[in-house]
Every structure is written in C-alpha cells, then in structure tokens.
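**Q** My questions all concern the structure below.
No lab work stands behind these numbers, since they all come straight from the coordinates. Just so we're clear, the structure is a prediction, and the values are computed from it rather than from any experiment. Virtual Cβ from ideal backbone geometry, glycine too; neighbours counted across all protein chains shown.
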Amino acid sequence: MRLQLAINVSDLDAAIDFYSKMFATEPAKVREGYANFAIDEPPLKFVLFAGDGNGGTINHLGVETESAAEVQTADKRLRSSGLQPSGITDTMCCYADKTETWVTAPDGLQWEW
C-alpha cells in the first residue's frame, strides 16, 4: 500500500514538468486533463487533475492497494470503527478499472481506498 495525493492543477504540462523534476520520475500515465506518478521514494501515488477546482488545491487523498480484497477489508474496518464509507464499487476511474470505497473526513475532505 501507499498513500495517494491527488491535486488540482491549472496547467497540466507545467505541473508534469515540475513534479517530474521534483520527484525525479516521469508520469506513469498521462491522459487529457490527467496524469499520475508512481513514486518509489517517498512511496506515493501522486495524481494531477486539470480543470477540477482551483490550481494548487487538494482534489482528494487516498490509499492505493494491491488488490480488491484489501479495499473490502478496509471498508469493513472503517464501518466497524463507526465511520460511514460509501461501500464497495467496481468502477472506471482515473483511466483504470478498479474497486474502491470512499469516506469523508469531518472537514469534507474525500478519502479514496
């Protein structure tokens, strides 16, 4: 597992250039209005969204897992701790087929598992 940080950017090309240099790695995936980096050091899934809110703001946070079973385990743990995750969904999101659940922090920040 690794943490995921998704931010909004106003200029995707400039952001890709900057973060490629900052993290010394090229994006793993680039699509229109979207890029993601699979960074080894520090272990981070870093995602850029163009046109989804003000540049430089957090889009959402998350935890990237290796399997759907880990998402299901997290959903059960979140529920048993009194939080209210969205429930398990299989979806196409961020240009990938995946299984996910979401939970909202008290200040409205969205966390994806």
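**Q** Skipping prolines and chain starts, which residues have an amide H placed within reach, meaning under 5 Å, of the one on Tyr34, given they are 5 or more residues away or on another chain?
**A** Residues meeting the criterion, in which the H sits 1.01 Å from N, are Ala50.
**Q** Only bridges with both residues in the chain count here: give the DSSP antiparallel percent, nearest 5.
**A** 70 percent
**Q** Ok, one more. Put a dot 7 Å past each Cα toward the Cβ at Lys21 and Asn54; how far apart are the dots in nm?
**A** 2.6 nm
**Q** Next up: Once the dipole of the range 1-99 is set up with Lys and Arg at +1 and Asp and Glu at -1 on Cβ about the Cα centre, which of Val71, Ala15, Val30 lies farthest towards its positive end?
**A** Going by the charge dipole, the pick is Val71.
**Q** Please give the helix 68-80 orientation as an angle from the longest Cα principal axis of the chain, in degrees from 0 to 90, rounded to the nearest 10.
**A** Its long axis makes an angle of about 60 degrees.
**Q** Along Cα→Cβ, 7 Å out, is where each label goes; now give me the distance between the ones at Ser80 and Ala38 in nm to one decimal.
**A** A separation of 3.0 nm, rounded to one decimal place.
**Q** Out of the GluC sites (Glu not before Pro) in the range 63-113, which ones are loop residues according to DSSP with at most 14 other C-beta atoms within 10 Å?
**A** Working: sites: Glu64, Glu66, Glu70, Glu100, Glu112; in loops: Glu66.
Listed in order of number, the matching sites are Glu66.
**Q** Moving to a separate point now. Nearest 10 degrees is fine. How inclined is helix 12-23 to the longest principal axis of the chain, computing both from alpha carbons?
**A** The angle comes out near 80 degrees.
**Q** HN-Hα J couplings of the range 27-32 from phi, Karplus 6.51/-1.76/1.60, θ = phi - 60°, integer Hz, Gly and Pro as x?
**A** With the stated coefficients, the range 27-32 comes to x, 7, 8, 9, 9, 4 Hz.
**Q** Considering the chain as a Gaussian network with a 10 Å cut-off on Cα pairs, which listed residue, Lys21, Lys45, Lys29, attains the greatest mean-square fluctuation?
**A** Judging by the Gaussian network model, the answer is Lys21.
**Q** Of Pro85, Pro27, Pro43, which has the largest mean-square fluctuation in a 10 Å C-alpha GNM of the chain?
**A** Pro43
**Q** Under a straight-distance cross-link criterion of Cα-Cα below 18 Å, which lysines are reachable from Lys98, leaving out those fewer than 8 residues away in the same chain?
**A** The reachable lysines, counting only those whose Cα sits under 18 Å from Lys98, are Lys29, Lys45, Lys76.
**Q** Another question about this same structure. Based only on Cα atoms, what Rg/Rh ratio does the chain have, Rh being taken as Kirkwood's radius?
**A** For the chain, the value is 0.98.
**Q** Next question. Under a crude label model (7 Å from the Cα following the beta-carbon direction), how far is Glu66 from Thr89 in nanometres?
**A** 2.7 nm
**Q** Give me the number: length gained by fully extending Ser10 to Gln110, i.e. 0.36 nm times residue separation minus the C-alpha to C-alpha distance, one decimal in nm.
**A** 34.0 nm
**Q** Can you list residues from other chains, or at least 5 along the same chain, whose modelled amide H is less than 5 Å from the amide H of Arg2?
**A** Long-range HN contacts for Arg2: Glu64.
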